[in-house]
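Every number here is computed from the coordinates shown, using simple stated rules; none is lab data. None of these values were measured; they are calculated from a predicted model. Note that each Cβ is placed from the backbone with ideal geometry, even for glycine, and that neighbours are counted across all protein chains shown.
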Protein chains: 2
Amino acid sequence: MKSPDPDSRGAAAVTTATNPRVLEHPERAEIRLEAVLHALSDAVRLRIVRDMVRGEGEEFACSSFVLPVTKSTTTHHFRVLRESGVVRQLYRGTTKLNTLRRDDLEALFPGLLDSILTATEAQSARLGEE
Amino acid sequence: MKSPDPDSRGAAAVTTATNPRVLEHPERAEIRLEAVLHALSDAVRLRIVRDMVRGEGEEFACSSFVLPVTKSTTTHHFRVLRESGVVRQLYRGTTKLNTLRRDDLEALFPGLLDSILTATEAQSARLGEE
């Protein structure tokens with residue numbers, strides 16, 4: 001077997017597959033209910049989604065959320081939200097901006113996100129949290 | 001330190017704390033949304049809950065579910081459902097009977113279970129599953 005030309009292969013790798021600035025997302029048809037429920041089965045991730053719904057505007061930097069976890073844990077939580085199809089993440093400069101994929105979720109599972117957010121608010125009120 | 005009397009200790013253990021036939025459940029006020037969403041973030045557990053809602057009657061033996069997993073995995077799934085507060089499990093003779101805690105879930109999170117079950121049906125229809 002002949003190795004591919006290292007120059008052309010390297011160029012392709014830098015601009016596509018291994019480019020760390022291209023973040024993978026499931027297409028709408030690839031989003032699975034089980035993964036969405038798993039993504040939302042964590043208090044910090046629920047809070048991120050709630051804050052995105054409450055907040056003004058559509059794009060949120062990861063650093064705009066005040067969370068009781070380290071930066072690397074925050075990064076992990078956003079990755080789970082992205083890989084499940086709950087948020088879309090795009091780089092702008094060196095900042096990752098997050099958008100809730102509300103239209104995709106609503107098209108697949110009408111009413112689900114609202115019902116989970118309502119349940120979150122009910123639980124916070126019951127437990128005396130903000 | 002003196003060891004407890006082995007006889008009285010053994011008797012207590014058999015009838016209370018370590019009795020494997022007394023199954024632990026969260027009280028209604030102890031049920032947490034995150035745990036319920038985690039319990040429902042698995043295809044097999046979603047199917048169990050869907051079948052309990054569809055089925056006639058209220059009590060279901062674990063063995064009454066036709067699931068594509070081993071018996072010990074089935075036992076694990078029912079334990080996750082019980083410990084999160086989604087089902088109640090009681091022994092009748094040597095059989096564990098399962099009841100959906102619909103009233104408790106509805107009181108805490110109105111509409112949530114229905115919305116998740118609707119999403120399950122939508123996904124099954126979309127993916128061409130039963």
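Could you give me the ³J(HN,Hα) list for segment A:57-73, computed from phi with Karplus coefficients 6.51, -1.76, 1.60 and θ = phi - 60°, whole Hz, x at Gly and Pro?
My calculation for segment A:57-73 gives x, 10, 10, 10, 6, 3, 6, 7, 9, 8, 10, x, 9, 6, 4, 6, 5 Hz in order.
Scan around residue A:97 for amide H atoms under 5 Å from its own, H built in the peptide plane at 1.01 Å from N, and keep only partners 5 or more places away or cross-chain.
A:90, A:91, A:92
At a Förster distance of 25 Å, what's the computed FRET efficiency of residue B:70 paired with residue B:23, Cβ-Cβ distance as r, to 0.05?
Efficiency, rounded to the nearest 0.05: 0.75.
For B:124, A:63, what ranking results if the residue with the fewest other Cβ atoms within 10 Å of its Cβ goes first?
Lowest count first: A:63, B:124.
So if R0 is 25 Å, what FRET efficiency would residue A:106 and residue A:56 give, r being the distance between their Cβ atoms, rounded to the nearest 0.05?
0.80
Per residue of A:116-127, count partner chain C-beta atoms within 10 Å of its C-beta, then hand back the mean as an integer.
Going residue by residue through A:116-127 and averaging, the value is 4.
Provide the net charge surrounding residue A:61, with neighbours chosen by a C-beta distance below 11 Å and charges set as Lys +1, Arg +1, Asp -1, Glu -1.
Its environment carries a net charge of +1.
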